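What follows is calculated from the coordinates using simple rules that are stated; it is not laboratory data. Nothing here was measured: the structure is a model prediction, and the numbers come from that model. Glycine also receives a Cβ, built like all others from the backbone with ideal geometry; neighbour counts cover every protein chain displayed.
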Amino acid sequence: MYRMDHKDEENIFLATTALEDFWDTTKPIVFLGDWCLRYSRRNVWELLNGEVLQGIWKDKKRFIDAYMYLQDVYERLLQQMATLLDEVHGEKHSIRYWRIIIGPWLFHYIDVLYDRYLCIQQAKSKYPLFDTIVLSEESFITPRSTAESLLLSADDPYNLQVYSRILSAEKNNFRQKSYDTIERKAQPIRKNGLLRVIKTKFIITCARSIALLAPDESVYLVDPYFSKSSIIKIFLKSKGKVKPIYSTDEEIPVVTSNNNMRSFFKKISLNNNEFEKLVIQLLPYDIPYVFLENYEMMKKESLNYPSKPKAIMTWVSWYFDEKFKIWAATAAEAGCSLYGVQHGGNYGIDQYLRGMDNTEIRITDKFYSWGWNDSELKEHIVPMTASKLIGRKRFKKKKGNINILLAGIAFPRYLCRLQYPTNNHNEKYCEDLIIFIKSVGLRYQKFINYRAFIEDYGLDIVKRIQNACPNLIIEGWDIPFQESLMNCKLFVCDQLSTVHAEALSLNTPTILFWDTESYIHKTEARRYLENLQAVGILHYSPESAAKMVNEVYDNVDDWWNDRERQLARLDFCDHYAKNSPNAIDEWTNEFRKISR
């Protein structure tokens, strides 16, 4: 990759996408970001000797300033959109109602658009006379739902559409090209959804049988992260007052855009700067159908939920379940209490979590954490045993366990929400992963089982690792994670997510490592992380983590059961992966408080 000579600047071509049909290789080429360079196509782009523009989020101050600015844009925009949606649908609702329904889509949309806008501005400031190829308007699509919008924004064709809209908004006469194979992403399929429904048939049968003994107003757990056995125990202990609901997949049809509805949003007034003008210009075309053309249909379908809930509790349904959101928003206006529950292991540790800040905290009456609290939200957050961890069997070493389980992750090539790690983290992440594997002694490398993340986002991580470490064992998702975790000698995790909390809670010998530049930790969490680092569980470089593997592999039990190490683990778990032998009774008592 090279820097253009000044004489080339008037002739350079800006590639905004990995779709090679939209590259002009007859000119010196500049790539807008590393998402343009698919590892599987390196034999093509390496020959072009092009320049890759630097990621815009490497500067943490810039990230923090943007995070706070977009919070402000989100609130101002939400207020106006709520008023306009009432007008469009002939209704009158609170701001909370519309925050529940459109909020998760809106903050994703603003973050995505701002990121793409800044990327274009960076390119313009460096090469103001660039040429490019944009997607023709006839190929543009509008997402059906929040879920589809997020899925599309992680892939190449839709991002090409976003960049093309931004460039076209500036009235540039770039070449246009259609792209007939922009495929709509399917609605997200809930993992094991059908199987889970079948398994809970007994619970539903019990609910119907005991419902006569319970008042009409019940506490409903929607898509709960409790185990099947925990749900049964809670249901019975509550005498049927606490009932689970398992959502079915949504089918949102493609419809013709209603220009009259969409024209309402031209009334929005932000106009503080060029970006806000861009938001106003593009918003009427980008609002998902589910909030306009399909709203009435989804509202009718939401009537299939119970009509008089006392309280509604959910883990992730706030984000993508459109029928649920309408039901919950309507119930809240009728006096129903809403409760959120933590569902991932980075909560309380990551400083900037867009979803928790904008949705889970703002719309709920109480939020249940995995043991942590927050000095600014003390009255809102209730530390509890992590529902996902209840009933998990603690680690017992089996004779003959030799595997080192290495659990990986992947982040979309395109930024989908403004939180750390950003998409700028991907190249460094892949490099560190390979450095770790190669730094583990040859004697132990053969025991590493790499478990790739279920999504790859076009990063080709497994292919990269196999090219660098051809003898590495790749573990498939046909093996349940819990089974793999129970059958390993040592667990290694290279990210702050959920699996590290599961492993530490189960007392599985664990080594963690991640790049400090890729995370911004909360002040309250630093002490617990420093304790893990001091006893050799947490590392901030792949070399340090690999060195620890080499040192402890032959005597893992002695190392792991050291008193200081166990105290650090227990202290961390008590705040970020809390578990209790009395968890069912504790949760049942909490549900009694909610019922009262």
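For the reader, a short list of remarks on this structure follows.
- Under 5 Å from the amide H of residue 29 lie the amide H atoms of 13, 51, each residue being 5 or more positions distant or on a separate chain, with H modelled from the backbone and absent for Pro and chain starts.
- Among 515, 478, the ranking by other beta carbons within 10 Å of each residue's beta carbon, starting with the fewest, stands as 478, 515.
- Distance between region 274-317 and region 56-127 - C-alpha centres, whole angstrom: 15
- Nearest-0.05 FRET efficiency for residue 455 and residue 523, computed from C-beta distance (R0 30 Å): 0.45
- Region 239-261-region 444-479 distance, computed between alpha-carbon centres (Å): 36
- Taking all Cα pairs closer than 8 Å and separated by 6 or more residues, the relative contact order of the chain comes to 14 percent.
- Correct option for Cα extents along the principal axes in Å [calculated from the coordinates] among [x] 92, 54, 44; [y] 71, 68, 41; [z] 76, 69, 46: [y]
- Residue pairs, from the table 239/578; 267/310; 388/489; 27/171; 228/325; 61/489, whose Cα atoms sit over 32 Å apart: 267/310; 61/489
- As a proxy for reagent exposure, ranking 375, 139 by other Cβ atoms within 10 Å from fewest up yields 375, 139.
- If the segment from residue 374 to residue 466 were pulled out straight at 0.36 nm per residue, it would be longer than the present Cα-Cα gap by 28.9 nm.
- Region 404-576: relative contact order as a whole-number percent, Cα under 8 Å and 6+ apart: 26
- Inter-label distance for residue 178 and residue 273, nm, one decimal - labels placed 7 Å from Cα along Cα-to-Cβ: 3.8
- Phi-based couplings in Hz for region 13-24 (Karplus 6.51, -1.76, 1.60; Gly and Pro marked x): 10, 9, 8, 9, 9, 7, 6, 5, 4, 9, 10, 10
- Loop-resident sites, region 59-134, for trypsin sites (Lys or Arg not before Pro), counting at most 13 other Cβ within 10 Å (DSSP): 92
- Computed about its Cα centre, the charge dipole of the chain is approximately 2240 debye, with only Lys, Arg, Asp and Glu carrying charge at their Cβ.
- With neighbour counts taken as other beta-carbon atoms within 10 Å, the residues 225, 74 rank, fewest first, as 225, 74.
- Signed unit charges on C-beta, dipole axis of region 404-576, positive-most listed residue 528, 512, 462: 462
- Alpha-carbon centroids, region 575-592 and region 511-568: separation in whole Å: 27
- Derived scalar couplings ³J(HN,Hα) [region 491-506; Karplus, 6.51 cos²θ - 1.76 cosθ + 1.60; whole Hz; x for Gly, Pro]: 10, 10, 10, 10, 7, 8, 8, 9, 5, 5, 5, 4, 5, 5, 5, 7
- Approximate spin-label separation residue 258-residue 592, in nm, with each point projected 7 Å along Cα-to-Cβ: 4.9
- In the chain, a dipole from Cβ-located charges (positive for Lys and Arg, negative for Asp and Glu) runs towards its positive end, and of 406, 105, 77 it is 406 whose Cα lies farthest in that direction.
- Here the dipole of region 404-576 is about 220 debye; that uses its Cα centre as origin and unit charges on the Cβ of Lys and Arg (positive) and Asp and Glu (negative).
- 222 nm mean residue ellipticity, helices alone, for the chain (DSSP H n ≥ 4; -39,500 (n - 2.57); rounded to 500): -12500 deg cm²/dmol
- For residue 492, the residues whose modelled amide H falls within less than 5 Å of its own, excluding neighbours fewer than 5 places apart on the same chain, are 405, 406, 407, 511.
- Cα gyration tensor shape of region 404-576, rounded if a/c is under 1.5, else prolate or oblate by comparing a/b with b/c: oblate
- Calculated from backbone phi, Karplus (6.51, -1.76, 1.60) coupling profile of region 402-416 in Hz, x at Gly/Pro: 10, 6, 9, 8, 10, 9, x, 9, 9, 10, x, 5, 9, 5, 10
- Residues whose amide H comes within less than 5 Å of that of residue 521, counting only those at least five positions distant or on another chain, are 351 (H built at 1.01 Å from N in the peptide plane).
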